[in-house]
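Peer 1: Here it is, the structure, as structure tokens.
The values are calculated or read from the model by the stated rules, or taken from the named source; none is laboratory data. Not measured: the values here are computed from a predicted model. Methodologically, a virtual Cβ is constructed for each residue, glycine included, from the backbone with ideal geometry; neighbour enumeration extends over all protein chains shown.
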Amino acid sequence: MLAATALQAHLIQKNWEHNFGLPANADGVVIGKMFGVLVVRTSHGNFGYLAAFSGKLAGKNHHEGFVPPVYDALAPGSFLNAGMKKLAEINLEISALELEGSNQNQTKVSMLKNMRKSQSRTLQNQLFEQYHFLNKAGQSKSLIEVFKNVFATKPPAGAGECAAPKLLQYAFMNDMEPLALAEFWWGLSPKSAQWKHGHFYPPCHEKCAPILAHMLS
């Protein structure tokens, strides 16, 4: 609890521009965020805590005082950036053809939509292949393998970007022993959820449960 309180104090004195919806009249799109803290013991016997945020914060993956992502898809030269640019170009072409309103364009629009769907699926699978998670024994498994073993299905979008997997990955990579984990919501909740500002929640089942089952084994 002390670690979470310290992190919340840091969020209030932030050095970045991110609209959590606090206060309600702040500029920009409101994006509440799940944060996590992990109390650890180092190989030298010292105690401390790690901090992480789910997804991106202020449009970035890296911020001082927080562990890095398991995989940085925003790094310069990333295949994801190139892939998203290509999808954006397809979207623009579809929009232009639909604005013309010509029946002759329908075949090409359908072809472009199928191309977009295929490229989006390929890009998502390529992204999933980049995520590999360590467990306490130092064994690594890919995101795809983890979900296949537990749910016999592909991972949902955003899997691997939550706070808990980030924290455990950093701890295991740096020979730290995890002792206690807590996650809390900061800011306004999206309409699709009922999270409350400052309240604590367990890691999500859909995205995190299979990953954590491996990492804590």
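Peer 1: Find the residue count for region 133-189, including only residues that are hydrophobic (A, V, I, L, M, F, W, C), closer than 24 Å to Gly32 by Cα and more than 16 Å from the chain's Cα centre (by Cα).
Peer 2: Matching residues across region 133-189 total 4.
Peer 1: Separate question: Just name the residue that is nearest to Lys207 (Cα to Cα) out of those in region 52-67 that are of a type in the set (A, V, I, L, M) and modelled with pLDDT under 95.
Peer 2: Leu57
Peer 1: Within region 145-175, can you find the residues that are among the polar types (S, T, N, Q) and outside any helix (DSSP H, G or I)?
Peer 2: Let us first name the residues in region 145-175 that are among the polar types (S, T, N, Q), namely 149, 153, 169, 174.
Of everything in region 145-175, those that are among the polar types (S, T, N, Q) and outside any helix (DSSP H, G or I) turn out to be Thr153, Asn174.
Peer 1: Another one. Looking at Val70 and the list (1) surrounded by fewer than 19 Cβ atoms within 10 Å (Cβ to Cβ); (2) modelled with pLDDT of 90 or more, which single condition is not satisfied?
Peer 2: Every condition holds for Val70 apart from (1).
Peer 1: Still on this structure: So in region 22-51, with the set limited to residues that are β-branched (Val, Ile, Thr) and in a loop (DSSP other than H, G, I, E, B), which one is modelled with the highest pLDDT?
Peer 2: Ranking the qualifying residues of region 22-51, first place goes to Thr42.
Peer 1: I need the full set of residues from region 108-139 which are in contact with a Phe, Trp or Tyr (Cβ under 7 Å, 6 or more places away or on another chain) and outside any loop (DSSP other than H, G, I, E, B), in order please.
Peer 2: Gln126, Leu134
Peer 1: Would you say Ala193 is free of Cβ contacts under 8 Å to residues at least 12 places away in the same chain, out of contact with any Cys (no Cβ under 6 Å at 6 or more places or on another chain) and of a type in the set (A, V, I, L, M)? Give the steps one after another, and end with the answer.
Peer 2: Numbers: free of Cβ contacts under 8 Å to residues at least 12 places away in the same chain: yes; out of contact with any Cys (no Cβ under 6 Å at 6 or more places or on another chain): yes; of a type in the set (A, V, I, L, M): yes.
In short, yes.
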